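One structure below.
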Amino acid sequence: MLRGTDLRVHYGRTPALAGVSWTAHPGRVLGLIGPNGSGKSTLLRAVLRAVDSAGKLWIDTDDLRRLSTRELARRTAVVAQQEEGVPEITVAELVLLGRSVHRSDWASYTDEDRAIAGEAMTRTGVTQLADRTLGQLSGGERQRVLIARALAQRSRYLLLDEPTNHLDVHYQHEVLTLVRHLGLTSVVVLHDLNLAARYCDDLVLLHDGRVRADGRVDDVLTPEILEPVYGVRVTPIRVDGVLQLVLAPRSRADRSSPPT
């Protein structure tokens, strides 16, 4: 289990997170949603200790802040929003880098490392790309390769910061379908509410650095909760049994009334 209690982050005098509590349950996909600037990516950076934070952070039964940098890297794998890489590195080499957290600084990769990296490539469907370089990949291929590298770490927790950003619709669904079926405890930042509805088990809705709602998808994605946060009209529908949302501007009469 990965969780935070009363998590607080300030950028200068500006609060980015103001007492946020949340839990990522084992084997489930937790989506972090909310408008721009609501604190979604900051929450992930706090977990990775990339920003100073107050409050409690727990991973399994351990105080996350007491772990060594290497131990934290062994337990949490990360797929960043727009990760830069060496364009000339091959897919096979990049995925193998996921094993580096299990090697000392100068130790060579073992046959076991290479087998684990190969298994990760198979699971993510990128084996046929092994000899291609990073610079030769499409956006969707690159994201699958980065997820393969994360899998090669053999971490229990997967953190993804807007993994569908800049991808076309096909690759958005392809990448999130992959995440959904990995069986890991995953925390994913998403802007698209319909992607969150389809691929997440639980949601935390952030607004102005605070939790406005959390729980299962159907309990969070309601007009009563979303409309005051996003300032749009929300109509829930079902598509093949999956909750989806029709979003539209609020009418003039709605805009004249203060949000509840």
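The values are calculated or read from the model by the stated rules, or taken from the named source; none is laboratory data. A quick note: this is a predicted structure, and the numbers were derived from the prediction, not measured. Virtual Cβ from ideal backbone geometry, glycine too; neighbours counted across all protein chains shown.
All but one of (1) closer than 23 Å to Glu88 by Cβ; (2) buried (at least 24 other Cβ atoms within 10 Å of the Cβ) hold for Ser138; which doesn't?
All conditions are met except number (2).
May I ask you to say which residue of Leu146, Leu137, Leu96, Leu129 is of a type in the set (A, V, I, L, M) and closer than 19 Å to Gly183 by Cβ?
When all the criteria are applied, what remains is Leu146.
Could we say that His191 is free of Cβ contacts under 8 Å to residues at least 24 places away in the same chain, under 23 Å from His25 (Cα atoms) and within 16 Å of the chain's Cα centre (by Cα) here?
no
Consider only pairs whose beta carbons are under 8 Å apart and that are at least six residues apart or on different chains; among these, list those whose first residue lies in the range 108-121 and is within 14 Å of Ala150 (Cα to Cα) and whose second residue is outside any helix (DSSP H, G or I) and modelled with pLDDT under 95.
Every condition considered, the pairs that remain are Asp113/Arg103; Ile116/Arg154.
If I filter the range 43-56 down to residues being surrounded by 21 or more Cβ atoms within 10 Å (Cβ to Cβ) and either within 17 Å of Asp214 (Cβ to Cβ) or not polar (S, T, N, Q) (or both), which single residue comes out as nearest to the chain's Cα centre (by Cα)?
Leu44
Only one of Ser100, Ser155 is among the hydroxyl-bearing types (Ser, Thr, Tyr), over 18 Å from Leu184 (Cβ atoms) and at pLDDT 90 or above; which?
The conditions single out Ser100.
I need the full set of residues from the range 158-189 which are hydrophobic (A, V, I, L, M, F, W, C) and within 15 Å of Trp22 (Cβ to Cβ), in order please.
If the condition is that a residue be hydrophobic (A, V, I, L, M, F, W, C) and within 15 Å of Trp22 (Cβ to Cβ), then Leu159, Val187, Val188, Val189 are the ones that fit.
Consider Thr5 carefully, then state whether it is part of a strand (DSSP E or B) and of a type in the set (Val, Ile, Thr).
yes
Identify the single condition in (1) within 20 Å of the chain's Cα centre (by Cα); (2) at pLDDT 90 or above; (3) not hydrophobic (A, V, I, L, M, F, W, C) that Arg66 does not satisfy, given that it satisfies every other one.
Among (1) within 20 Å of the chain's Cα centre (by Cα); (2) at pLDDT 90 or above; (3) not hydrophobic (A, V, I, L, M, F, W, C), Arg66 violates only (1).
Answer yes or no as to whether Arg66 is in contact with an Asp or Glu (Cβ under 8 Å, 6 or more places away or on another chain) and among the basic types (Lys, Arg).
When the stated conditions are applied, Arg66 does not pass them.
Has the range 18-28 got any residue that is surrounded by fewer than 17 Cβ atoms within 10 Å (Cβ to Cβ), at negative phi and of a type in the set (A, V, I, L, M, F, W, C)?
The answer is yes, given that some residue of the range 18-28 is surrounded by fewer than 17 Cβ atoms within 10 Å (Cβ to Cβ), at negative phi and of a type in the set (A, V, I, L, M, F, W, C).
Filtering the range 1-17 down to residues that are in contact with a strand residue (DSSP E or B) (Cβ under 6 Å, 6 or more places away or on another chain) and more than 20 Å from Arg216 (Cα to Cα), which residue is surrounded by the fewest Cβ atoms within 10 Å (Cβ to Cβ)?
Checked the range 1-17; the qualifying residue surrounded by the fewest Cβ atoms within 10 Å (Cβ to Cβ) is Asp6.
Only one residue in Val95, Val47, Val78 is in contact with a strand residue (DSSP E or B) (Cβ under 8 Å, 6 or more places away or on another chain), at negative phi and modelled with pLDDT of 95 or more, so which one is that?
Just one listed residue meets the conditions, Val47.
Take the conditions touching a Lys or Arg at 6+ places or on another chain (Cβ under 8 Å), farther than 27 Å from Arg103 by Cα and among the charged types (D, E, K, R) and apply them to Asp60. Does it pass?
no
Out of the range 198-214, which residues are surrounded by 17 or more Cβ atoms within 10 Å (Cβ to Cβ) and either at pLDDT below 95 or under 12 Å from Arg180 (Cβ atoms) (or both)?
Hits for the range 198-214 are Arg198, Tyr199, Cys200.
Condition first: surrounded by 16 or more Cβ atoms within 10 Å (Cβ to Cβ) and acidic (Asp, Glu). Now tell me which residues in the range 94-118 satisfy that.
Asp113
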